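Below is one structure, written out as C-alpha cells; comments come after it.
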Amino acid sequence: MVPGHSLHRELELYVKAGFTPMEAIQAATLVPARALRMESEVGTVEKGKRADLIILDANPLENISNIRTVRTVIAGGRAYQCAAL
C-alpha cells in the first residue's frame, strides 16, 4: 500500500459507487472527525483548526481523479513543492 495513492484510489472508488466528489472528500475528512468527536479540531479548513493540506492543479469536485494533481503539500506548518520532491 502506498500512502496517498491508496487514499486517492479509495476516493475514486467512492465516486464510482455513487458518492458525489464532495461526499467522497468528506468521507476522508469531516466524517472521521465527527466519528471521533474531533470536528472542533480537525476535519475542515477553518481558523484555529489543525490541518495538513494539499494544493491541487485541478478541481476534484469536477472530477475526483483530479485529487491526483497535487502541486503542494502543507504538513506540520511547512509547504513542500511536489516537483522538487
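Listed by first and then second residue, the pairs linking a residue in the stretch 52-74 that is free of Cβ contacts under 8 Å to residues at least 40 places away in the same chain to a residue that is in a strand (DSSP E or B) and not hydrophobic (A, V, I, L, M, F, W, C), with Cβ atoms under 6 Å apart and 6 or more places separating them unless they lie on different chains, are Ile55/Arg71; Ile55/Thr72; Asp57/Arg71; Thr72/Gln81; Val73/Tyr80.
Going by what's in this entry, would Leu36 be described as of a type outside the set (Lys, Arg), at pLDDT 95 or above and open to solvent by 90 Å² or more (accessible area, probe 1.4 Å)? Yes: the conditions hold for Leu36.
Can you tell me which residue in the stretch 55-85 is modelled with the highest pLDDT, limited to those that are among the hydrophobic types (A, V, I, L, M, F, W, C) and open to solvent by 80 Å² or more (accessible area, probe 1.4 Å)? Per the criteria, the residue is Leu61. Selection of the stretch 38-85 for residues being of a type in the set (A, V, I, L, M, F, W, C), within 20 Å of Leu11 (Cα to Cα) and part of a loop (DSSP other than H, G, I, E, B) yields Val42, Val45, Ala51, Ala58, Leu61. Does at least one position in the stretch 23-33 carry a residue that is without any contact (Cβ under 8 Å) to a residue 40 or more places away in the chain, exposed (fewer than 14 other Cβ atoms within 10 Å of the Cβ) and hydrophobic (A, V, I, L, M, F, W, C)? The answer is no; no qualifying residue exists. Filtering the stretch 11-22 to residues that are surrounded by fewer than 14 Cβ atoms within 10 Å (Cβ to Cβ), over 11 Å from the mean Cα position of the chain (by Cα) and assigned to a helix (DSSP H, G or I) leaves Leu13, Lys16. Within the stretch 10-23, is there a residue that is of a type in the set (A, V, I, L, M), touching a helix residue (DSSP H, G or I) at 6+ places or on another chain (Cβ under 9 Å) and modelled with pLDDT under 95? Among the residues of the stretch 10-23, not one is of a type in the set (A, V, I, L, M), touching a helix residue (DSSP H, G or I) at 6+ places or on another chain (Cβ under 9 Å) and modelled with pLDDT under 95, which makes the answer no.
The values are calculated or read from the model by the stated rules, or taken from the named source; none is laboratory data. Since the structure is predicted, the reported quantities are computational estimates derived from the model, not experimental observations. Here Cβ is always computed from backbone atoms with ideal geometry, including for glycine, and neighbour counts include all displayed protein chains. Only protein heavy atoms, including side chains, enter the accessible area calculation; ligands, DNA and RNA are left aside. Shrake-Rupley method; radii C 1.70, N 1.55, O 1.52, S 1.80 Å.
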